[in-house]
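Presented below is the structure to which this report refers.
Bear in mind these aren't lab numbers, they're just calculated from the coordinates by the rules spelled out. All values reported here derive from a predicted model rather than from experimental measurement. As a convention, Cβ positions derive from the backbone with ideal geometry for all residues, glycine included, and neighbour counts pool all protein chains shown.
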Amino acid sequence: MTTNERTETVETVFCALESIPEACRIREPLYQRNILVDGELQPWAGKMRSVHSTIVVGDTHGRFSRVELGAIPDAGADEAFRALDAAEAAYDHGRGAWPTMRVAERIACVEDFTRQIISKRSEVIKLLMWEIGKTLKDSEKEFDRTITYIRDTIDELKKLDNKGAQFQVVEGTIGQIRRSPLGVTLCLGPYNYPMNETFTTLIPALIMGNVVLLKPPRFGVLLYAPMLEAFQSAFPKGVINMLYGNGAELVPALMATGRINVLALIGSSRVADQLKKAHPKSNRLRAVLGLDAKNAAIILPDADLELAVRECVAGSLSFNGQRCTAIKMIFVHRAVADEFVRRFSKAVGVLKCGMPWEDGVAITPLPDPGKCEYLSACIQDAQDHGAVVVNDGGGTVLETLFRPAVLYPVNSLMTVYREEQFGPVVPIAPFDDVEEALDYVVTSDYGQQVSIFGNEPAQIAKVVDALVNQVGRINLNTQCQRGPDAFPFAGRKDSAEGTLSVHDALRAFSIRSMVSAKADTGSKELIKAIVESNTSRFINTDFMF
Ligand code: G3H
């Protein structure tokens with residue numbers, strides 16, 4: 001029996017209701033009995049789906065159970081199609097109020113929305129902690145980063161639109177080129193960043209003039225409830241509509257109508273593939289996808305091990321390894337493998353496991369009900385093929401809390417070698433020749449990022465050149481990550497479609513349209529008259545500051 005198994009119990013890791021800090025407690029369950037469709041919070045009298053926390057709490061009798069946080073509508077196909085009708089009506093073939101609105105006015109709506117949700121900050125952060133177990137610090141970061149993302153998007157759109165305010169004359173042809181919306185956008189966000197990643201597609205989609213059907217993630221759904229009034233009051237009717245219910249049924253049915261113009265999905269490549277195929281006219285569908293990843297870290301023999309350990313612990317275990325950008329496989333040169341594994345497992349051993357609001361907590365409960373069983377099966381499979389859990393207490397399960405497990409030496413026979421574990425299991429494999437690690441990346445189904453640790457310029461240059469056409473980003477002596485949001489977030493193979501960044505997302509959710517004419521006197525006078533009369537939303541030279 002390990003130290004942790006001896007000392008940790010449900011009572012010591014989870015807590016009783018009265019010991020939860022006042023500001024973090026959930027006072028009343030939140031029953032959301034309406035659905036935002038066609039600009040109205042329409043009352044919902046049908047079936048409800050309970051939302052339970054990932055955290056178990058002890059009652060006065062010392063019994064521990066998941067807290068009921070509230071419930072959401074368990075709506076069906078009728079409501080989903082009503083939402084689609086409302087979105088289409090609002091878009092009105094691109095002639096609706098929203099897609100034709102001046103950019104400055106659309107920006108004003110988004111600013112109004114932002115102001116309103118800022119007042120809901122503490123409610124949203126609290127729900128992030130309870131619904132998905134994200135630490136208080138990271139929940140605050142998720143909210144604040146989203147607000148920054150919205151503001152940066154607004155600034156970027158001003159620049160983009162100001163560029164479109166000019167006319168160009170090329171080879172005797174006058175042109176005014178602007179970016180225009182694409183139509184009905186179906187936004188599906190992930191449970192690990194239920195607010196931030198959803199908003200990184202939702203906001204650019206909206207602000208470019210598209211209309212949206214928004215399906216909140218499986219976990220992290222209730223945190224949308226405090227924001228519904230802001231959605232309702234800040235945007236014209238039908239511009240944003242919510243979907244609730246069984247996504248596995250509703251979403252393919254919506255796609256099969258052929259009336260979805262943009263699929264924005266942060267999720268699995270398997271689902272993305274099925275949804276794209278469900279659309280009858282694939283040429284009419286734009287897909288903006290953030291998908292699976294199995295990012296590798298490669299530790300070269302001359303790496304600064306202290307730094308490599310620090311970055312790999314953060315990279316593999318921040319938010320319990322539930323980041324698409326997490327380091328999910330570590331290759332370490334055999335010359336330093338034992339020392340790296342020793343230091344790495346020591347660093348993992350001091351990570352504090354506990355509740356999201358505790359100071360210094362790193363490992364928190366997992367929201368996905370089947371996750372602990374899945375991770376335990378991965379460990380068993382790795383052990384069956386010769387790996388060992390090298391850290392004390394690694395893989396111990398207490399209710400929804402899974403103590404991180406460091407597996408070594410991992411080989412290609414093990415599930416965890418190729419499968420995206422998306423949780424706190426860290427596989428480490430030794431290598432003798434760097435080609436083995438490069439080959440792993442080349443033969444992977446995924447191509448999001450890698451991290452390389454080392455200092456010898458010629459060796460780093462060789463590895464970079466070998467991998468730069470395999471992944472979207474190579475990180476030198478640092479963990480994999482998405483930010484800063486001004487940088488492109490992309491992936492190859494089954495990891496992504498399209499590029500997201502503050503700037504790129506505006507492009508992803510729009511298409512260039514242009515008005516052109518021969519550069520003769522008649523055309524020039526006509527265009528000048530339209531600009532001076534300020535009667536067109538498209539042909540104008542309005543400049544935004
Ligand atoms: O889960 C994927 C997120 O976009 C990762 O973002 O690298 O900033 O944690 P992050």
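Of the residues Tyr91, Val124, Met101, the one whose Cα sits farthest toward the positive end of the charge dipole of the range 80-131, with +1 on the Cβ of Lys and Arg and -1 on the Cβ of Asp and Glu, is Val124. Normalised by residue number, the volume inside the convex hull of the Cα atoms of the range 110-232 is 108 Å³ per residue.
Centroid-to-centroid, using Cα positions, the range 150-194 and the range 481-545 are 4 Å apart.
Taking the convex hull of the alpha carbon positions in the range 25-120 and averaging its projected area over all directions gives 8.9 nm². Summed over qualifying helices (DSSP H, 4 residues or more, each -39500 (n - 2.57)) and divided by its residue number, the chain shows a 222 nm mean residue ellipticity of -12000 deg cm²/dmol.
All Cα-Cα separations within the range 349-458 were binned at 10 Å from zero, giving a P(r) of 13, 39, 33, 14, 2, each value a whole percent of the pairs. Taken about its Cα centre, the range 256-409 carries a charge dipole of roughly 1040 debye when the Cβ of each Lys and Arg holds +1 and the Cβ of each Asp and Glu holds -1. In degrees between 0 and 90, to the nearest 10, how far off the longest principal axis of the chain does helix 434-443 point, with axes built from Cα atoms? Compared with the principal axis, the helix lies near 50 degrees. Direction-averaged projected area, Cα convex hull, the range 295-486: 10.7 nm², rounded to one decimal.
Seen against the Cα atoms of the chain and their longest principal axis, helix 247-256 is set at about 30 degrees.
Applying Stokes-Einstein at 25 °C and 0.890 mPa s to the Kirkwood radius of the range 21-290, computed over alpha-carbon pairs, gives a translational diffusion coefficient of 126 µm² s⁻¹.
Listed by chain and number, the aspartates and glutamates placed with their C-alpha closer than 15 angstrom to that of Lys158 are Glu105, Glu111, Asp504, Asp542; residues fewer than eight positions away on the same chain are left out.
The tail of the calculated P(r) for the range 410-510, taken as Cα-Cα distances beyond 17 Å, holds 59 percent of the pairs.
The calculated pair-distance distribution of the chain uses every alpha carbon pair, bins of 10 angstrom beginning at 0, and gives 4, 17, 25, 24, 17, 9, 3, 1, 0 percent.
Using the Cα gyration tensor of the range 451-507, with a ≥ b ≥ c the square roots of its eigenvalues, what is the shape: rounded (a/c below 1.5), prolate (a/b larger than b/c) or oblate (neither)?
Numbers: a/c = 2.82, a/b = 1.86, b/c = 1.52.
Prolate, because a/c is 1.5 or more and a/b exceeds b/c.
With a cut-off of 8 Å between alpha carbons and a minimum separation of six or more residues, what is the relative contact order of the chain in percent? Don't jump to the answer; show the numbers that get you there.
Numbers: 1128 pairs, mean separation 94.9, N = 545.
Once normalised by length, the contact order is 17 percent.
Here Lys47 is the anchor, and the lysines within straight C-alpha reach of less than 26 Å, apart from those fewer than 8 places off in the same chain, are Lys126, Lys215, Lys237.
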